[in-house]
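The values are calculated or read from the model by the stated rules, or taken from the named source; none is laboratory data. Bear in mind that the values here come from a model prediction, so they are computed numbers and not experimental data. All Cβ positions, glycine included, derive from the backbone under ideal geometry; neighbour counts span all protein chains shown.
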Amino acid sequence: MQVLKSSSVFSTPHFLNFSLKPKSFIFLLYYSSSSSSPCSSSSSTSVSNSPLFNYLVKNLDFTETQALSIANRYPNVKSFEKPQSVDNFFRNVGFSNAQIAASVRNVPQILFANVETELRPKIKCFQNLGLMGTHLGKFLSRNSVLLACSLDKKLIPSIQIVKRVLGNNENKDLIKVFDRSNGFIASGRILKLSRNIEYLESCGIVGSQLSRLLKRQPRIFRMRQSALRDLVSRVLDMGFSTDSRMLIHAIHTMNRLSEQTLKKKWELLKSFGFSENDCLDMFRKAPGLFRPSEEKMKLGIVFFMSLAKVDKNVLVSRPHLLMNSLEDRVIPRYRVLQIIKVKKLLKKEPSFLNLLDYKEREFLQFISRFTDHVEELLMAYKAHLLHT
């Protein structure tokens, strides 16, 4: 059994000031444009003088490089009458200039679509789902590929299938699914979507369980069926039954983690004294515990076992404790409890683990009982917000 030592950051004298800060992430924004064969300076000059090039730069605020990239694809365009018509239409239905520009950058061919026969029916379709004005523009500027696919063969069938699975009239849920699956829908793989739904239903994943899985992990529904069957098989091999409500959470987790990553997290738990069976029990009870990074898992384990002195067996039986946010929930409530203990505000010390299960409203009501110390307790509870 590994002996745990409290690090200085968790030591009792510092508990009032303890604050977790998430790591800073550096995002490398990489812009690339497809290169074409070298062209003469005269041809480049010709394209840069084209009506389309000038229109994109002046009307949609494209950079010259962006405008040139699109103008090169349509060298024979001599008039911007159709692009102007498309532009006007988008503005009339509530798109901002930036949203129109984003849509065109993503799918340049929509500039040459027929407004009445191609664009208006699709826009009407999304308006019927409750998307209007800038909300419509925001959604379609991110998913402009949907404006380039067939309304009757792709959009409407996809809407019908997804609505059936969601089982409600909450179009906002449908929009979220489309927002995360636009490429799949635009590719027209309706048959694959239907077959994967049928397979999951055959595994006992139906109703609200199927709906929840679709909302959280729509990419599972566009997997090759052989890959989907393998995924479900691996989950069942870990002891899940088809009637378990944890099945979809396990599928969600296993789909996001490689076997190597899951193994590393298994080894992390073992390094703190958990057995193979302990790890398996924890996974069955709380598959979501294994989705965060190893670093977050480790911080949680160290806090509970080293500082809060929670027995390992308690974490095995209640692994959801490790899923609570250290910064937003666990440590703030721990600070409050320490003040209550130090000041001896209660004859009987409340259970820290039970306090973690309180809803926010319930925990604030608990604090309000200590009328002479409410301000101090609230300051301790909300201290982490002062550093954000």
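Quick one: in segment 267-310, which of the residues that are within 24 Å of residue 228 (Cβ to Cβ) and either of a type in the set (A, V, I, L, M, F, W, C) or in the same structural domain as residue 238 (by TED's automatic domain parsing) (or both) is surrounded by the fewest Cβ atoms within 10 Å (Cβ to Cβ)?
This residue is 280.
Looking only at residues in segment 232-255 that are farther than 19 Å from residue 211 by Cβ and without any contact (Cβ under 8 Å) to a residue 40 or more places away in the chain, which one is surrounded by the most Cβ atoms within 10 Å (Cβ to Cβ)?
254
Quick one: in segment 142-157, of everything that is of a type in the set (Gly, Ala, Ser) and in contact (Cβ under 8 Å) with a residue 40 or more places away in the chain, which residue is surrounded by the most Cβ atoms within 10 Å (Cβ to Cβ)?
144
Given the structure, is residue 154 farther than 17 Å from residue 215 by Cβ and assigned by TED's automatic domain parsing to the domain that holds residue 98?
In short, no.
In the list 76, 106, which residue meets the criterion of being touching a residue at least 24 places away in the same chain (Cβ under 8 Å) and either polar (S, T, N, Q) or closer than 19 Å to residue 149 by Cβ (or both)?
Among 76, 106, only 106 is touching a residue at least 24 places away in the same chain (Cβ under 8 Å) and either polar (S, T, N, Q) or closer than 19 Å to residue 149 by Cβ (or both).
Among residues belonging to segment 123-140 that are assigned to a loop (DSSP other than H, G, I, E, B) and touching a residue at least 40 places away in the same chain (Cβ under 8 Å), point out the one that is surrounded by the fewest Cβ atoms within 10 Å (Cβ to Cβ).
If we take residues in segment 123-140 being assigned to a loop (DSSP other than H, G, I, E, B) and touching a residue at least 40 places away in the same chain (Cβ under 8 Å), then 130 is surrounded by the fewest Cβ atoms within 10 Å (Cβ to Cβ).
Looking at the structure I just gave you, is residue 293 in contact with a Ser or Thr (Cβ under 9 Å, 6 or more places away or on another chain), of a type in the set (Ser, Thr, Tyr) and under 28 Å from residue 273 (Cα atoms)?
no
On the given criteria, is residue 99 in contact (Cβ under 8 Å) with a residue 12 or more places away in the chain, surrounded by fewer than 14 Cβ atoms within 10 Å (Cβ to Cβ), assigned to a helix (DSSP H, G or I) and of a type in the set (S, T, N, Q)?
Taking the combined requirement at face value, the residue does not satisfy it.
Can you name every residue in segment 180-208 that is closer than 20 Å to residue 129 by Cα and modelled with pLDDT of 85 or more?
Listed by number, the list is empty, since nothing qualifies.
Having 2 or more residues that are β-branched (Val, Ile, Thr) and farther than 26 Å from residue 282 by Cβ is the bar; report the helices (runs of 4 or more DSSP H) wholly within segment 185-241 that clear it.
Answer list for segment 185-241: 190-202.
Looking only at segment 102-122, which residues are surrounded by fewer than 14 Cβ atoms within 10 Å (Cβ to Cβ) and part of a loop (DSSP other than H, G, I, E, B)?
Within segment 102-122, 114 is the sole residue that qualifies.
Please specify each residue of segment 295-329 satisfying the condition of being of a type in the set (Asp, Glu) and touching a Lys or Arg at 6+ places or on another chain (Cβ under 7 Å).
none
Going by the conditions given, is residue 288 touching a residue at least 24 places away in the same chain (Cβ under 8 Å) and in contact with a Leu (Cβ under 8 Å, 6 or more places away or on another chain)?
no
Return the only residue of 241, 211 being in contact with a Gly (Cβ under 9 Å, 6 or more places away or on another chain) and modelled with pLDDT of 90 or more.
211
Hey, among 341, 348, which residue is of a type in the set (D, E, K, R), in a loop (DSSP other than H, G, I, E, B) and free of Cβ contacts under 8 Å to residues at least 12 places away in the same chain?
Going through 341, 348 in turn, just one is of a type in the set (D, E, K, R), in a loop (DSSP other than H, G, I, E, B) and free of Cβ contacts under 8 Å to residues at least 12 places away in the same chain: 348.
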